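Read through the structure below, which is laid out as structure tokens, and then see the notes.
Where a number appears in this text, it was derived from the coordinates with a stated rule and is not lab data. These figures come from a predicted structure and were not determined experimentally. Neighbour counts are summed over all protein chains in view; Cβ atoms, including those assigned to glycine, are modelled from backbone coordinates with ideal geometry.
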Amino acid sequence: MILHTLIDYDTLRVIWWLLLGVLLIGFAIMDGFDLGTAILLPFVAKTDLERRVVINAVGPVWEGNQVWLILGGGAIFAAWPPLYAVSFSGFYLAMFAILFALILRPVGFKYRSKRESASWRSGWDWALFVGGLVPALVMGVAVGNVLQGVRFHFDTDLRIFYDGSTLFELLNPYGLLCGLLSVAMLAMHGAGWLALKTDGAVAGRARAVGRIAAVATVALFALGGAWLWLAGMGYHIVGTIPADGPSNPLAKTVALAPGAWLANFSAHPWMLAGPALGVLGALGSLALLGSRSQGGAFLASSASIFGIISTVGLSMFPFILPSSVDLRSSLTVWDASSSHLTLFIMLVCAAIFVPIVLAYTAWVYRVLWGKVDARAIADDSSHAY
């Protein structure tokens, strides 16, 4: 017996859809507080020492958190090659902007405190701010465009063509709304991390700004859902599509179906746990930031991120990337994956290496546990950021 036949092809596809969601949520939670902390840097730190405290709150861990981005990109490349191809061609300029902003972060961390010059340090502080704001905004904008449909199509030879024009067409009203939601969500998350890792004035300002971000997260999430419903966004597969058939996006018929993105929640009420967790997590972060809870606000904001991102995936299932110009070119779980054998081999690798990554991450955070000491930073100019 061939081993990969132990798990059905359709089951493997669903497993890898779930794993893709886990990796994206893992990136948003683990690297999200890094981005959120950078977004908050100009607002929670007034002196050079306070800014160093904020930077040192994430400086030792941000590189390890980037592993989730690499894992997510690798999973898309290997498990969902058409999705990878469309995303990296259609969102090329958006991804270039994200990568450029992310490159600013390591440079800013390493060089910011190399000189005593106030203008030098201020410049790198703003670079770190941009390095947090731009990825958060653009990633949210990308999700907003995915919900509306992306301008791409396949020809009869399954060659991919992107029919969009510039980065600016992605900056449509709904895309910008989702981008602002992403910024607010990660700012809330970063505030929870700073409340956990710092003391004094920095922690106090982080709690105040974080509460504003939590309110904005709830409001923007609710507005996004209402807009989705009122605009009647959604796609629907006409007829049936073989869940265990070969990956051929053109072997199906798709129609626009107003309100289809909300149909899954009616058909499967348990899916309402996603949006409920998104709202309740943000409200919990709001309350716990006000009560000065140690770590509770961070866990609540993590739950909110989990709920908000899972809401998108659950509402669109089985669609992964709908096409707005050629409906049948839309990518779904059933026709955008790698082969049965490839998915099985990847699952075995994931079962081995993901627990190792989780164990190592847990060990690192255990070693680095505790609050950032401002006096220790002031006395250690050679090792602290």
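Remarks
- Residues of the stretch 288-330 that turn out to be within 13 Å of Met188 (Cβ to Cβ) and β-branched (Val, Ile, Thr), as a count: 2
- The stretch 228-253 residues that are surrounded by 13 or more Cβ atoms within 10 Å (Cβ to Cβ), paired with ones that are acidic (Asp, Glu) and not in a loop (DSSP other than H, G, I, E, B) (beta carbon under 6 Å, 6 or more apart): Ala243/Asp10
- Just one of the listed residues (Leu93, Leu71, Leu41, Leu102) is aliphatic (A, V, I, L, M), under 23 Å from Thr361 (Cβ atoms) and out of contact with any Gly (no Cβ under 7 Å at 6 or more places or on another chain), namely Leu71.
- Residues satisfying the criterion are absent from the stretch 8-20 (criterion: surrounded by fewer than 22 Cβ atoms within 10 Å (Cβ to Cβ), in a helix (DSSP H, G or I) and in contact with a Gly (Cβ under 6 Å, 6 or more places away or on another chain)).
- Qualifying residue in the stretch 36-52 (condition: under 15 Å from the mean Cα position of the chain (by Cα) and under 28 Å from Leu331 (Cβ atoms)): no
- All told, Asp10 meets the bar of being touching a residue at least 24 places away in the same chain (Cβ under 8 Å), more than 19 Å from Gly132 (Cα to Cα) and among the acidic types (Asp, Glu).
- Residues that are farther than 12 Å from Ser301 by Cβ and either touching a helix residue (DSSP H, G or I) at 6+ places or on another chain (Cβ under 6 Å) or assigned to a helix (DSSP H, G or I) (or both), drawn from the stretch 268-282: Pro269, Trp270, Met271, Leu272, Ala273, Gly274, Pro275, Ala276, Val279
- Of all residues in the stretch 31-45, those being of a type outside the set (A, V, I, L, M) and within 13 Å of Thr198 (Cβ to Cβ) number 2.
- Leading residue by the ranking (surrounded by the fewest Cβ atoms within 10 Å (Cβ to Cβ)) among those in the stretch 303-323 that are in contact with a Ser or Thr (Cβ under 9 Å, 6 or more places away or on another chain) and of a type in the set (S, T, N, Q): Ser323
- Where a residue in the stretch 290-310 is outside any helix (DSSP H, G or I) and its partner, wherever it lies, is among the hydroxyl-bearing types (Ser, Thr, Tyr), with Cβ under 6 Å and at least six apart: none
- Condition met for Ser119 (assigned to a helix (DSSP H, G or I) and either charged (D, E, K, R) or closer than 22 Å to Phe43 by Cα (or both)): yes
- Any hit, the stretch 210-225, residues being free of Cβ contacts under 8 Å to residues at least 12 places away in the same chain, closer than 29 Å to Thr47 by Cα and surrounded by fewer than 20 Cβ atoms within 10 Å (Cβ to Cβ): yes
- Any hit, the stretch 35-48, residues being polar (S, T, N, Q) and either touching a helix residue (DSSP H, G or I) at 6+ places or on another chain (Cβ under 7 Å) or part of a helix (DSSP H, G or I) (or both): yes
- Meets criteria (out of contact with any Lys or Arg (no Cβ under 7 Å at 6 or more places or on another chain), charged (D, E, K, R) and loosely packed, with under 14 Cβ neighbours inside 10 Å) for Glu116: yes
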